[in-house]
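Single-structure report; data block below.
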Amino acid sequence: MTARVSQLTDIKGIGPRLAEQLQALNIFNLTDWFFHLPFRYEDRSRITPIGGLQPMRPAVIQGEVRAASVVFGKRRSLLVKLQDHSGTVSLRFYHFSAAQKQQFSTGNIIRCYGEPRRGASGLELYHPEYQLLEEGLDAPLEALLTPVYPATDGISQQRLRILHEQSLTLLRQQQVDLNDLLPADWLQQWQLPTLEQALLFLHQPPADTQLSTLEDGKHPAQKRLILEELLAHQLSLHRLRAQVQAHQAPALADEQSLKQQLLAQLPFTPTGAQQRVVSEIAGDLSKPYPMLRLVQGDVGSGKTLVAALAACQALAAGYQVALMAPTEILAEQHLHNLSGWFEPLGIACGWLAGKVKGKARQQALTDIANGAVRLVVGTHALFQDDVEFENLGLVIVDEQHRFGVHQRLSLREKGRQQGLSPHQLIMTATPIPRTLAMSAYADLDTSVIDELPPGRSPITTVAISDQRRDEVIGRVDGACREGRQAYWVCTLIEESEALQCQAAENTAEELREALPHLRIGLVHGRMKPAEKANLMAAFKAHELDLLVATTVIEVGVDVPNASLMIIENPERLGLAQLHQLRGRVGRGAAKSHCVLLYKAPLSLTSKQRLQVMRDSQDGFYIAEQDLQIRGPGELLGTRQTGLQMLRIADLQRDGDLLPQVRTMAEQIWQHHPEAVEPLIRRWLGDAERFASV
Ligand code: ADP
Ligand code: MG
């Protein structure tokens with residue numbers, strides 16, 4: 001009777017030294033070892049007739065050597081002609097010994113495995129693995145597909161295979177402590193193999209398995225593990241949410257009078273979508289535990305008003321509100337809007353950003369701490385250690401995609417007073433494709449503002465090569481002469497703000513020369529906040545015709561008379577960012593245009609992406625396309641949800657499983673709570689350690 005295997009070094013052949021080497025493959029324990037799956041397979045289980053070989057499809061062939069000769073092309077090589085009943089193919093070796101050459105004597109029978117490619121003599125196999133078959137002997141073929149494992153220096157494929165084979169035998173004999181964490185009744189319900197079955201299969205698929213099914217990640221054994229991994233992620237977010245909501249928050253009565261006063265000042269009424277989202281928020285705020293709500297609304301959908309109405313509910317109940325934006329320019333814009341709405345109602349607004357220093361900062365901190373200020377707007381400076389609130393009831397975060405889970409958690413810590421945590425409202429203008437939202441934001445409730453205020457005009461978007469730059473400059477001239485305003489956006493050249501600003505300065509100079517009669521302003525990230533604010537104010541007041549800018553204007557800027565935007569080198573930006581930028585126009589009644597002034601020639605991907613921008617103005621559609629073209633990592637930005645660290649699942653490929661994962665997560669949470677921690681530990685062990693603040 002063999003002893004039970006419960007740690008890595010219990011596997012025969014894995015000693016302390018190898019165990020240490022395996023860490024390079026992210027294998028730290030027994031579970032990691034069994035989940036170290038092949039990343040592809042080779043089919044060495046049958047012989048393919050030479051006549052049936054196809055380019056790029058690796059295969060085993062067997063035939064008789066008809067000729068072998070050293071040929072002198074660009075490089076000297078040994079060319080061997082192999083023939084079976086169905087055809088001939090060439091094997092080519094650039095490195096070969098005399099002994100090898102000897103093996104290819106005419107008439108010898110050779111079996112080899114390799115990938116056929118088109119070469120000088122038709123299909124050729126370069127450096128195939130081969131063996132010389134002794135006359136009359138029938139060498140056995142593999143009975144299983146051959147796994148190819150992620151390997152590392154000093155541990156060969158062969159060694160990994162042998163070790164895995166041994167450990168799988170133990171698994172088969174039930175000698176291994178590896179629990180199936182999914183409830184047994186599920187396997188039937190969802191038609192999934194057990195963990196053991198899935199692992200055995202994926203390490204050693206029978207020869208008749210469809211390779212393409214495995215390659216596409218569609219085999220039930222794969223699906224079982226993919227589901228489990230996504231489930232673990234989902235559960236970790238559930239847990240995060242549960243942790244937050246285990247705290248108490250002030251239950252804020254849904255008092256209407258302040259909201260009414262605010263609305264009475266506005267020249268418009270909220271859209272149906274805004275009203276719906278505001279009432280969803282109002283419901284959350286009236287609960288005695290923290291709201292965790294994400295509001296998604298396309299550019300220009302009116303999120304600021306929704307935030308303001310949410311703020312009313314906290315302010316009316318005597319609590320402070322903090323609104324945080326990712327950039328100073330956006331925060332300033334918010335301060336401008338919100339103080340314009342709230343100061344007349346007798347609500348003091350305050351400001352705190354990284355650049356507020358010395359006395360001004362001291363004063364701001366005092367006002368926030370003693371409650372003289374009720375609504376504080378700022379950047380993440382709002383959440384530094386020395387900032388203390390009198391009684392923070394609601395935190396609003398704008399443009400959430402730039403903040404990570406960590407920051408979200410620290411907000412909660414920040415506002416906690418007298419045992420109460422603040423409510424959290426998160427707003428994002430980057431629409432997140434539904435599939436991603438379901439997994440990346442499972443810790444949040446979501447609301448969508450799916451309607452734009454009336455009177456917006458569609459934006460016509462064109463892509464023009466910068467060889468026609470003069471024409472575009474002429475267009476700017478025309479628009480400005482008609483009393484419209486325009487933006488000229490210079491995009492990032494490298495990850496250097498200095499270079500970006502330089503580019504904007506050069507462009508402004510160029511445009512001033514070309515269009516001397518226009519009033520042209522320049523705004524970039526290295527200007528002082530006051531300077532930027534003055535410029536933006538001048539543009540808004542139509543004291544400037546044309547604003548040359550870096551992408552600092554990406555978010556929040558609102559000038560309805562601006563109806564033309566030129567974006568230089570749009571191919572450098574993500575679609576979401578382009579969509580954000582473009583959203584600065586089309587805010588008034590005039591017909592708006594956006595010119596994507598690209599540098600030719602464009603790559604195929606760039607062409608596709610600019611085409612998406614021309615085709616659509618729907619942020620959600622654009623985000624879906626972005627997801628397809630660039631993958632989820634880019635869309636999620638620097639968020640550390642651990643979703644970028646998926647081991648087996650692939651959000652793009654497996655997105656269709658997410659609804660099922662969601663249902664499973666809820667079931668586990670309710671009926672099998674004991675499985676939650678082990679699942680999270682199995683799949684997110686490292687990421688979790690990393691994310692806990
Ligand atoms: P975003 O969702 O991009 O943050 P904003 O809150 O900046 O959008 O709103 C964009 C513009 O639309 C602002 O000028 C705002 O005053 C205006 N707005 C907001 N809601 C409405 C509405 N219901 N009707 C008309 N205009 C509105
Ligand atoms: Mg906004």
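The values are calculated or read from the model by the stated rules, or taken from the named source; none is laboratory data. The structure displayed is predicted, hence computed values, not measured ones. Every residue, glycine as well, gets a Cβ built from its backbone with ideal geometry; the counts of neighbours run over all protein chains shown.
Of the residues that sit in the stretch 251-272 and are in contact with a Ser or Thr (Cβ under 9 Å, 6 or more places away or on another chain) and touching a residue at least 60 places away in the same chain (Cβ under 8 Å), which one is surrounded by the most Cβ atoms within 10 Å (Cβ to Cβ)?
Out of the qualifying residues, it is 252.
Condition first: at pLDDT below 80, out of contact with any Pro (no Cβ under 8 Å at 6 or more places or on another chain) and assigned to a helix (DSSP H, G or I). Now tell me which residues in the stretch 600-646 satisfy that.
626, 628, 629, 630, 632, 633, 634, 636, 645
Among the residues of the stretch 307-327, count how many are more than 16 Å from ligand 1 (Cβ to nearest atom) and not aliphatic (A, V, I, L, M).
Count: 4.
Under the condition of being free of Cβ contacts under 8 Å to residues at least 24 places away in the same chain and among the small types (Gly, Ala, Ser), which residue from the stretch 54-78 is surrounded by the most Cβ atoms within 10 Å (Cβ to Cβ)?
Per the stated criteria, the residue is 77.
Any residue in the stretch 239-250 that is assigned to a strand (DSSP E or B) sitting within a Cβ distance under 9 Å of a residue that is modelled with pLDDT under 85 and not hydroxyl-bearing (Ser, Thr, Tyr)? List the pairs, counting only those 6 or more apart or interchain.
248/419
Tell me, which helices (runs of 4 or more DSSP H) wholly within the stretch 7-119 include 3 or more residues that are touching a Cys at 6+ places or on another chain (Cβ under 8 Å) and not β-branched (Val, Ile, Thr)?
none
Please go through (1) part of a loop (DSSP other than H, G, I, E, B); (2) within 16 Å of ligand 2 (Cβ to nearest atom) for residue 589 and return the number of the only condition it doesn't satisfy.
(2)
Within the stretch 307-361, which residues are in contact with a Cys (Cβ under 7 Å, 6 or more places away or on another chain) and not polar (S, T, N, Q)?
Across the stretch 307-361, the qualifying residues are 335, 338, 342, 343.
Answer yes if at least one residue in the stretch 326-347 is assigned to a loop (DSSP other than H, G, I, E, B) and within 16 Å of ligand 2 (Cβ to nearest atom), and no otherwise.
yes
Step by step: first the residues of the stretch 288-306, then only those that are touching a helix residue (DSSP H, G or I) at 6+ places or on another chain (Cβ under 9 Å) and in a loop (DSSP other than H, G, I, E, B), then the one that is farthest from ligand 1 (Cβ to nearest atom). Which residue is that?
289
Looking at 214, 202, 230, which one is under 30 Å from residue 445 (Cβ atoms) and among the aliphatic types (A, V, I, L, M)?
230
Can you pull out the residues in the stretch 366-379 that are buried (at least 19 other Cβ atoms within 10 Å of the Cβ) and either under 37 Å from the mean Cα position of the chain (by Cα) or free of Cβ contacts under 8 Å to residues at least 12 places away in the same chain (or both)?
Of everything in the stretch 366-379, those that are buried (at least 19 other Cβ atoms within 10 Å of the Cβ) and either under 37 Å from the mean Cα position of the chain (by Cα) or free of Cβ contacts under 8 Å to residues at least 12 places away in the same chain (or both) turn out to be 368, 374, 375, 376, 377, 378, 379.
Is one or more of the residues making up the stretch 570-582 farther than 19 Å from residue 598 by Cβ, at pLDDT 80 or above and either within 16 Å of ligand 2 (Cβ to nearest atom) or part of a loop (DSSP other than H, G, I, E, B) (or both)?
The answer is no; no qualifying residue exists.
Yes/no matrix, rows are residues, columns are (1) small (Gly, Ala, Ser); (2) modelled with pLDDT of 95 or more:
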| position | (1), (2) |
| --- | --- |
| 310 | yes, yes |
| 316 | yes, yes |
| 328 | no, no |
| 342 | no, yes |
| 353 | yes, no |
| 367 | no, yes |
| 373 | no, yes |
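Within the stretch 267-281, can one find any residue that is within 16 Å of ligand 1 (Cβ to nearest atom), farther than 24 Å from residue 448 by Cα and in a helix (DSSP H, G or I)?
No, the stretch 267-281 contains no residue that is within 16 Å of ligand 1 (Cβ to nearest atom), farther than 24 Å from residue 448 by Cα and in a helix (DSSP H, G or I).
Tell me yes or no: at least one residue of the stretch 297-317 is more than 30 Å from residue 584 (Cβ to Cβ), surrounded by fewer than 24 Cβ atoms within 10 Å (Cβ to Cβ) and either away from ligand 2 (no atom under 16 Å from the Cβ) or touching a residue at least 12 places away in the same chain (Cβ under 8 Å) (or both).
Yes, the stretch 297-317 contains at least one residue that is more than 30 Å from residue 584 (Cβ to Cβ), surrounded by fewer than 24 Cβ atoms within 10 Å (Cβ to Cβ) and either away from ligand 2 (no atom under 16 Å from the Cβ) or touching a residue at least 12 places away in the same chain (Cβ under 8 Å) (or both).
Do you know which of the residues in the stretch 181-198 that are surrounded by fewer than 16 Cβ atoms within 10 Å (Cβ to Cβ) and touching a Leu at 6+ places or on another chain (Cβ under 8 Å) is modelled with the highest pLDDT?
For the stretch 181-198, the residue satisfying everything is 194.
Hey, does the stretch 517-525 have a residue that's exposed (fewer than 15 other Cβ atoms within 10 Å of the Cβ) and away from ligand 1 (no atom under 16 Å from the Cβ)?
yes
Kindly establish whether residue 125 is crowded, with 19+ Cβ neighbours inside 10 Å, under 38 Å from the mean Cα position of the chain (by Cα) and not β-branched (Val, Ile, Thr).
Here the answer is no, as residue 125 does not meet what is asked.
Could you check how many residues of the stretch 43-53 are of a type in the set (Asp, Glu) and without any contact (Cβ under 8 Å) to a residue 24 or more places away in the chain?
Summing the residues that are of a type in the set (Asp, Glu) and without any contact (Cβ under 8 Å) to a residue 24 or more places away in the chain in the stretch 43-53 gives 0.
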